[in-house]
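These notes concern the structure reproduced below.
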Amino acid sequence: MNELVIKTNNLTKVYKNQKALDNVSLSLEKGSIYGLVGENGSGKSTTLKAILGLINPNSGNIEIYGETGETKLSEGRKTIGCIIESPAFFPYMSAKKNLEYYRVQRGLTDKKVVEETLNLVGLGSVGNKKFKTFSLGMKQRLGIAYCLLINPEILILDEPINGLDPKGIMDLRKLILKLNKEKDITVLISSHILDELSHIATNYGFMKHGKLIKEITAAQLDEECRKFLRIKVDDISKATLLLEEELKTLDYKVNNQEEIYLYEFINESDKVIEVFYKSGIKIKSINQEGVRLEEYYMDLVGGNKNA
Amino acid sequence: MRRYIRAELDRNLLRPYFLLMTLIVTGFAVALNVVGSKFGGEMYVDYSIQMLPAFFGLPIFLIIMIVDMVSMEEFKNGTIKNIVSSGLSREKIVISKIIVSCILGLIAAFVVMGTYLLSANILMGTPPNIEAGVLYRGLMYMLIGVVPLWLGCVGVCTFFTTLIDKSFVSGFIYYIYIVIVPKILILANVITGKNIFGEVNKYMINPTLEGIGSGTVDFQKGILIGLGHLLIFGLLSVLVFKKRDI
């Protein structure tokens, strides 16, 4: 496992007898893009807020770069660029003035950074427009610009695609991947749309009713969601030999010595049947199986049409 | 913290809202002198100086606007999230807010008073046979006591802003504390005959302001009560803000 940049240990937050967070223990590895997935109200934003010091958890603790304690956490948070819930700026100030305000507040001496960051998110031409006149998509872009202003080591983005048009979503995806690959920025991104995260995430955390119910890597998720042919035959060892020698594939798995999960020839099952038939292997059943990402999500967290 | 104060001063100092507010009050102050010089017969600047303490209570209301601009707006716009998550400690955020409000309040107060006295000098002139030092000495002593009381108001107003989300409600409660509570204390003293209410009233900001203006309270007490309020309510603001979820 890579170095952990953020770790939460049994975070619990209670609002008026309702647990918004229930023993959430999340681990964010350096260099990863961690997708925090869950329905609305599942506790995603509350988790991110706790990490950023916006709410005080009732119990549990947070580590940033392995450090705990208020002073060390404050130091750690200085390296985090974040948007929580929605980008917040002064509405009567222009985009440029808003970023200039945060440039001064963050102690960045290079004045050009404001212009450069606006250009990076495609707002260079509207920098002098007031924030209150911005569309939701432009506000999100400005939020991203604010995050990037400090040249962060970690990005925390809460539902960043809300309000973005398809091109905006694609641009954001590319930008996140670019920052992750080229600048080694670790990203923690929340969404209730798993499909969106599946394009970029390397790790996932699934939340439901304030609990982190599962953490999984993208590779594991792919594995779990992968389509396959489920084949029951009378002679497993002979069948696997045929797969390797006749069909030249090693991409299969034997389950309980009863059935074979074949991850190739998904749409060419007749070919498999023919090979087995010619060799005298009796096929008891052959079905195409595997779950789509949405189905996997629905099974896990349940009940959200947006999934 | 220094950088946050600078950013906040940059944001607020040349803001039309703040400039307009200062301009309107300054205009009102100059207008008083114009009216006095035109219709008040043979009047000199000493008249304006004597009139000034009657307006010592005015910053109580201006402070609501300044604290709203500096602190409440951050809550209303959600930008406080950006500051808290940037790693600046909550104590420093509150202290910075109080410092910025104090600086803006003092700038507004001195611009208004300075223009008022300057215009009085120009329009009315100094009275014969009175030295300038003598003219302004009494006022200076009053201001030494009054300015800390204004700063105390900033502390109180910031506290209620930190405590209550709605700016109208927090401003109203601040007004009740500063202006209405002393009146209730006097009333309670009269009705119950218990001196404790009268004693408490002596430590309230508004009666002290009025006392300094009328010359019944000395400026040292103004310093004590003003800075005491600033310290206590500043501390309470920090405690409340530290516990507050954003």
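The values are calculated or read from the model by the stated rules, or taken from the named source; none is laboratory data. Since we're looking at a predicted model, the values are computed, not measured. Every residue, glycine among them, receives a Cβ derived from its backbone with ideal geometry; neighbour counts consider all protein chains shown. What goes into the accessible areas is simple: the full protein's heavy atoms, side chains included, and nothing from ligands, DNA or RNA. Shrake-Rupley method; radii C 1.70, N 1.55, O 1.52, S 1.80 Å.
Number of residues in the stretch B:1-46 that are within 14 Å of another protein chain (Cβ to nearest Cβ) and in a helix (DSSP H, G or I): the value is 17. Residues in the stretch A:138-180 that are in the same structural domain as A:LYS111 (by TED's automatic domain parsing), out of contact with any strand residue (DSSP E or B) (no Cβ under 8 Å at 6 or more places or on another chain) and open to solvent by less than 10 Å² (accessible area, probe 1.4 Å): A:LEU142, A:ALA145.
Of all residue pairs spaced 6 or more apart or on separate chains, those with beta-carbon atoms under 8 Å, a first member in the stretch A:77-96 that is assigned to a helix (DSSP H, G or I) and a second member that is among the aromatic types (Phe, Trp, Tyr) are A:ALA95/A:PHE89; A:ALA95/A:PHE131; A:ALA95/A:PHE134.
Restricting attention to the stretch A:122-135, does a residue exist that is open to solvent by 10 Å² or more (accessible area, probe 1.4 Å) and within 12 Å of chain B (Cβ to nearest Cβ)? Within the stretch A:122-135 (the criterion being open to solvent by 10 Å² or more (accessible area, probe 1.4 Å) and within 12 Å of chain B (Cβ to nearest Cβ)), the answer is yes, since at least one residue qualifies. Taking the conditions exactly as written (in contact with a helix residue (DSSP H, G or I) (Cβ under 9 Å, 6 or more places away or on another chain), surrounded by fewer than 16 Cβ atoms within 10 Å (Cβ to Cβ), free of Cβ contacts under 8 Å to residues at least 40 places away in the same chain and facing chain B (nearest Cβ under 10 Å)), does A:GLY107 satisfy them or not? Considered against the rule, which asks whether it is in contact with a helix residue (DSSP H, G or I) (Cβ under 9 Å, 6 or more places away or on another chain), surrounded by fewer than 16 Cβ atoms within 10 Å (Cβ to Cβ), free of Cβ contacts under 8 Å to residues at least 40 places away in the same chain and facing chain B (nearest Cβ under 10 Å), A:GLY107 comes out as yes. Of all residues in the stretch A:75-98, those satisfying the criterion of being more than 7 Å from every other protein chain (Cβ to nearest Cβ), more than 27 Å from the chain's Cα centre (by Cα) and open to solvent by less than 10 Å² (accessible area, probe 1.4 Å) are A:ALA95, A:ASN98. Of the residues in the stretch B:85-101, none is over 19 Å from B:MET1 (Cα atoms), surrounded by fewer than 21 Cβ atoms within 10 Å (Cβ to Cβ) and of a type in the set (D, E, K, R). Per this entry, B:ASN82 is counted among residues that are within 14 Å of another protein chain (Cβ to nearest Cβ), buried (at least 21 other Cβ atoms within 10 Å of the Cβ) and more than 15 Å from the chain's Cα centre (by Cα). With respect to (1) at pLDDT 90 or above; (2) open to solvent by 40 Å² or more (accessible area, probe 1.4 Å), the lone exception for B:VAL190 is condition (1). Being surrounded by 23 or more Cβ atoms within 10 Å (Cβ to Cβ), more than 9 Å from chain B (Cβ to nearest Cβ) and in a strand (DSSP E or B) holds for only one residue in A:LEU28, A:LEU48, and it is A:LEU28.
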